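A.B. asks: There's a structure below that I have some questions on.
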Amino acid sequence: MEERDGYDEGGCALFVRHHGQRLLYMTIADSFVEEQLVHEYDLKSTMFKVPDFGSDRGTSEYLLNEVDPQVAVIFRNGEAQPSSYVLERLQETWIDIYQTSRIGTITIKCNNEDYEVITVRPSKENTLPNSWLTYN
């Protein structure tokens with residue numbers, strides 16, 4: 001947990017492991033946090049929840065090289081769109097990108113050897129302001 005004053009006060013990074021699958025779930029994006037994580041932990045993960053709704057304050061090429069995910073999930077932030085720079089970096093590394101603003105609810109179902117990404121697009125009348133990542 002990091003303490004900050006103002007806009008990005010506090011944040012966390014969680015690692016979830018299920019047999020051979022790993023999820024890195026980051027909430028805050030900035031170069032200082034990325035640098036600390038890279039130097040203190042093995043960040044190699046199958047799945048990566050992109051921090052700060054894909055803002056251009058984070059998700060550097062350096063971090064992506066260390067995480068080396070197969071799947072990236074970007075949550076919706078109201079009507080704001082993820083940074084085109086972050087999307088470009090993700091695409092350049094051949095990561096499957098799932099944006100809740102475009103796809104809807106994203107569930108990642110893991111078993112002992114593999115995982116499956118399941119997406120559910122809500123009907124217009126059942127659209128929620130935010131979608132969540134479900135990790136089973």
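A.B. asks: Which one of the conditions (1) modelled with pLDDT under 90; (2) crowded, with 17+ Cβ neighbours inside 10 Å; (3) out of contact with any Pro (no Cβ under 9 Å at 6 or more places or on another chain) does C12 fail to meet, given that it meets all the rest?
C.D. replies: The failed condition is (2).
A.B. asks: Criterion first (within 20 Å of E116 (Cβ to Cβ) and either of a type in the set (A, V, I, L, M, F, W, C) or surrounded by 19 or more Cβ atoms within 10 Å (Cβ to Cβ) (or both)) does Q70 satisfy it?
C.D. replies: Working: within 20 Å of E116 (Cβ to Cβ): yes; either of a type in the set (A, V, I, L, M, F, W, C) or surrounded by 19 or more Cβ atoms within 10 Å (Cβ to Cβ) (or both): no.
Answer is no for this residue.
A.B. asks: Name the single residue that is surrounded by the most Cβ atoms within 10 Å (Cβ to Cβ) among those in the stretch 15-45 being touching a Gly at 6+ places or on another chain (Cβ under 8 Å) and among the β-branched types (V, I, T).
C.D. replies: The extreme case among them is V33.
A.B. asks: Of everything in the stretch 21-41 that's out of contact with any Lys or Arg (no Cβ under 9 Å at 6 or more places or on another chain) and among the charged types (D, E, K, R), which residue is farthest from T93 (Cα to Cα)? Steps first, answer last, please.
C.D. replies: Keep residues of the stretch 21-41 that are out of contact with any Lys or Arg (no Cβ under 9 Å at 6 or more places or on another chain), which gives 21, 32-41.
The next check asks that each one be among the charged types (D, E, K, R); those that pass are 34-35, 40.
Numbers: E34: 18, E35: 20, E40: 23 Å.
This residue is E40.
A.B. asks: Let me ask something additional. Among the residues in the stretch 45-52, are any farther than 20 Å from L14 by Cα and modelled with pLDDT under 95?
C.D. replies: First pass over the stretch 45-52, keeping only residues farther than 20 Å from L14 by Cα: none.
Within the stretch 45-52, none of the residues are farther than 20 Å from L14 by Cα and modelled with pLDDT under 95.
A.B. asks: Of the residues in the stretch 93-102, how many are more than 22 Å from H18 (Cβ to Cβ) and among the β-branched types (V, I, T)? Can you show your working first?
C.D. replies: First pass over the stretch 93-102, keeping only residues more than 22 Å from H18 (Cβ to Cβ): 93-94, 99, 101-102.
If we keep only those that are among the β-branched types (V, I, T) too, we end up with 93.
Qualifying residue count for the region: 1.
A.B. asks: Kindly establish whether S55 is over 16 Å from L14 (Cβ atoms), crowded, with 16+ Cβ neighbours inside 10 Å and of a type in the set (S, T, N, Q).
C.D. replies: Numbers: over 16 Å from L14 (Cβ atoms): yes; crowded, with 16+ Cβ neighbours inside 10 Å: yes; of a type in the set (S, T, N, Q): yes.
So S55 fits the description; yes.
The values are calculated or read from the model by the stated rules, or taken from the named source; none is laboratory data. Given the structure is predicted, the values throughout are model-derived calculations rather than measurements. Ideal geometry is used to build each Cβ from the backbone, glycine not excepted, and the neighbour counts take in all protein chains shown.
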